[in-house]
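Quick note: the coordinates plus some simple rules give every number you see, no bench work behind them. Just so it is clear, the structure is predicted and the values come from calculations on it, not from any experiment. Because the Cβ atoms are built from the backbone with ideal geometry, glycine has one as well, and the counts that use them run over all protein chains shown.
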Amino acid sequence: MTSDSLYDCLACAPQLPGMLDQHPQLAELWQELPRQSYVPNQQLLAPRQLVDRSWFIVSGLVRVVHLSEQGLERNAAFHAEGSWVGWGTPPYATPSPVAIVALEPTVALELRYDVLRRWQSDLPVVQEILSDAIRAVLERSAQREAELLLLDAGERYKLFLQQRAALVPRIPLHHVASYLGITNVALSRIRARMGLVQARRSK
């Protein structure tokens, strides 16, 4: 499961504090969740690892990346503080086809699926929250697919700059190019046409 702050959900920032205020028992359980710290390039999740938890990013930035059999990387998403990241359909554990890797020093809360199932059993509101989060994930996935199918690379980059303005300075350009599905050279040319960098003069 992945969720993005661009797509509102009850358990995502900035809605999360208000939601917890309305459900004191859930707020108490939330405070008991373990926190893990990760250094840049450290994996939260490895490819083919069984996904038995999701992560809420307290601080920092991570990327979700597909790895080809040849070892080539393709970034699928970026997630910063206030958003959830994981894979599959909680609370069912499945092998992961992706890696989740820290881009910055990152602190994340871990919500194990066995804990989530217990919450669902004890607190009916959790099912509503989970369903809402999955809705947000599906919306983001549909939007991402539409961008790849309907927009050219330049349009995708402009949309990325508009939607993720706060993250742009934090993401290296080669990771942005991978996310857009283009080469570093192609992104440099797009940026030059947009006046973001000076195009090289031909000798």
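For region 34-58, the tally of residues that are of a type in the set (A, V, I, L, M), surrounded by fewer than 17 Cβ atoms within 10 Å (Cβ to Cβ) and under 15 Å from GLY82 (Cα atoms) stands at 1. Within the set GLU69, GLU81, the sole residue that is of a type in the set (Asp, Glu) and either free of Cβ contacts under 8 Å to residues at least 40 places away in the same chain or under 21 Å from LEU138 (Cβ atoms) (or both) turns out to be GLU69.
Quick one: in region 8-32, of everything that is exposed (fewer than 14 other Cβ atoms within 10 Å of the Cβ) and touching a residue at least 12 places away in the same chain (Cβ under 8 Å), which residue is nearest to the chain's Cα centre (by Cα)? The extreme case among them is PRO14.
Confirm whether ALA177 is free of Cβ contacts under 8 Å to residues at least 24 places away in the same chain and either farther than 29 Å from ALA46 by Cβ or in a helix (DSSP H, G or I) (or both). Spelling it out, ALA177 is indeed free of Cβ contacts under 8 Å to residues at least 24 places away in the same chain and either farther than 29 Å from ALA46 by Cβ or in a helix (DSSP H, G or I) (or both). Taken over region 95-133, the criterion of being outside any helix (DSSP H, G or I), out of contact with any Leu (no Cβ under 8 Å at 6 or more places or on another chain) and farther than 20 Å from HIS23 by Cβ is satisfied by PRO97, PRO105, VAL107.
Identify the residue in region 111-143 that is within 16 Å of the chain's Cα centre (by Cα) and either buried (at least 16 other Cβ atoms within 10 Å of the Cβ) or of a type in the set (Ser, Thr, Tyr) (or both) and, among all such residues, is nearest to TRP30 (Cα to Cα). Ranking the qualifying residues of region 111-143, first place goes to LEU111. State yes or no: is ARG189 more than 23 Å from THR89 (Cα to Cα) and either of a type in the set (Val, Ile, Thr) or loosely packed, with under 15 Cβ neighbours inside 10 Å (or both)? Spelling it out, it is not the case that ARG189 is more than 23 Å from THR89 (Cα to Cα) and either of a type in the set (Val, Ile, Thr) or loosely packed, with under 15 Cβ neighbours inside 10 Å (or both). Answer yes or no as to whether ALA146 is within 14 Å of the chain's Cα centre (by Cα) and either more than 21 Å from SER59 (Cα to Cα) or surrounded by 15 or more Cβ atoms within 10 Å (Cβ to Cβ) (or both). So ALA146 fails the test. Within region 84-109, the set of residues being in contact with a Gly (Cβ under 9 Å, 6 or more places away or on another chain), among the hydrophobic types (A, V, I, L, M, F, W, C) and either without any contact (Cβ under 8 Å) to a residue 12 or more places away in the chain or over 14 Å from LEU50 (Cβ atoms) (or both) comprises ALA102, LEU103, VAL107, ALA108.
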